[in-house]
Amino acid sequence: MKILLLEDDLILNEILQEHLITQNHTVITTFTSNEAQDYLYSQNFDLLILDVNVPDLNGFELLKELRNHNIKTPAIFITSLSMVEDMQKGFESGCEDYIRKPFELKELDLRINNIKRLFNIDLKTKISENIYLDLQNYQIIKDNKIYNLSKKECEVLQYLFTNSSKIVSIDELITNIYSYEDNVDSSTIRTYIKNLRKILGEDKILNIRGVGYRLNF
């Protein structure tokens with residue numbers, strides 16, 4: 001998804017940006033409503049994540065203006081305003097969801113995924129010009145052909161893609177795609193890699209001997 005983030009707190013803005021990028025979103029970050037408007041009237045977005053108390057127009061006023069200009073991009077407010085009346089203002093201004101600060105990043109992910117479902121926003125991640133990863137249906141689409149994956153194979157490929165700028169060890173994969181309680185050994189990961197290579201091509205997942213794997217696109 002292409003997301004516009006409006007958050008004037010520098011630290012929270014950075015935290016949210018980094019997290020959304022790890023979830024394979026493209027993120028444009030802004031700190032004021034005027035800055036956000038420059039992007040919103042010149043580019044298309046799949047989702048808006050808007051703080052309320054920001055410089056220039058507040059988030060409620062900004063979204064109301066966008067809706068009056070027929071910009072219907074779904075929006076989630078993130079705000080420290082906690083009164084029911086504030087939430088009412090948010091929904092009246094045209095938002096689809098409203099999160100009270102502080103919140104866990106997992107909650108934001110759940111709400112974003114719900115927006116995707118409600119608005120039929122594509123859940124496919126573009127791996128290369130002819131290869132897509134369908135995160136919802138656990139499939140690779142290569143040259144318009146569909147290859148079914150297990151959930152864990154899908155998660156392995158997604159993690160390798162998100163971290164394609166570095167070498168990823170087997171231990172790192174296990175830590176990040178399994179729960180702490182799961183008992184998983186390295187042979188399981190090697191089997192997933194072998195299956196993915198059959199689809200992607202042997203040279204598309206490099207084995208850096210003694211270190212780990214790196215996606216090669």
Spin-label pair Met87/Ile146, simplified geometry with 7 Å Cα→Cβ offset, distance in nm: 3.8
Can you compute the helix-only [θ] at 222 nm over the chain? Use -39500 (n - 2.57) per DSSP H run of at least 4 residues, normalise by all residues, nearest 500 deg cm²/dmol. -13000 deg cm²/dmol
Stretched fully, the stretch from Lys124 through Lys2 gains (0.36 nm per residue minus C-alpha distance, one decimal, in nm) 42.7 nm
If you line up the long axis of helix 186-200 against the longest principal axis of the chain, both from Cα atoms, how many degrees apart are they, to the nearest 10? 80
Charged-residue dipole, Cβ positions (Lys, Arg, Asp, Glu), the chain about Cα centre, Debye nearest 20: 1220
Environment charge at Ile15 (Cβ cut-off 10 Å; Lys +1, Arg +1, Asp -1, Glu -1): -4
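Evaluate 2.2 N^0.38 Å with N set to the residue count of segment 36-109, then give the Cα radius of gyration divided by it.
Numbers: Rg = 11.9 Å, N = 74, 2.2 N^0.38 = 11.3 Å.
Here the answer is 1.06, to two decimals.
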Enumerate the whole-percent occupancy of each 10 Å bin, from 0 to the last occupied one, for all C-alpha pair distances of segment 125-215. 16, 54, 27, 3
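Figure the gain on full extension for Asn44 and Asn68 (residue separation times 0.36 nm, minus the Cα-Cα span) and round it to one decimal in nm. Show your work: numbers first, answer last.
Details: separation 24, 0.36 × 24 = 8.64 nm, distance 1.64 nm.
Result: 7.0 nm gained on full extension.
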In whole Hz and in residue order, list the ³J(HN,Hα) couplings for segment 51-64 that follow from phi through the Karplus curve 6.51 cos²θ - 1.76 cosθ + 1.60, θ = phi - 60°; x for Gly and Pro. 6, 9, 8, 10, x, 6, 5, 6, x, 4, 5, 4, 5, 4
If Lys and Arg each add +1 and Asp and Glu each add -1, what is the summed charge of the other residues whose beta carbon sits under 14 Å from the beta carbon of Asn68? 0
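Could you work out the equivalent-ellipsoid semi-axes for segment 104-174, taking the square root of 5 times each eigenvalue of the Cα gyration tensor, largest first, in whole Å? Each step should come with its number before you reach the end.
Details: eigenvalues 86, 71, 24 Å².
Sorted largest first and rounded, they come to 21, 19, 11 Å.
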In degrees rounded to 10, the 0-90 angle between helix 10-22 Cα long axis and the longest Cα principal axis of the chain is 40
Order these peptides, 179-186, 53-60, 139-146, by their mean beta-carbon neighbour count within 10 angstrom, highest first. 53-60, 139-146, 179-186
Among Gln88, Ile15, Asn114, the residue whose Cα sits farthest towards the positive end of the charge dipole of segment 2-119 (+1 at Cβ of Lys and Arg, -1 at Cβ of Asp and Glu, taken about the Cα centre) is Asn114
Could you tell me the ratio Rg/Rh of the chain? Both radii from Cα atoms, Rh via Kirkwood. 1.04
Under 5 Å, built H, 5+ apart or other chain: amide partners of Ile99: Phe77, Ile78, Thr79
Applied in sequence order to segment 27-41, the curve 6.51 cos²θ - 1.76 cosθ + 1.60 (Karplus, θ = phi - 60°) yields integer Hz couplings, x standing for Gly and Pro, of 10, 9, 9, 9, 10, 9, 5, 4, 5, 4, 4, 4, 6, 5, 9
Using the alpha-carbon atoms, what tilt in degrees (0 to 90, nearest 10) does helix 151-162 show relative to the longest principal axis of the chain? 70
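Computed from the coordinates by the stated procedures, all read-outs in this text should not be read as laboratory data. Not measured: the values here are computed from a predicted model. As a convention, Cβ positions derive from the backbone with ideal geometry for all residues, glycine included, and neighbour counts pool all protein chains shown.
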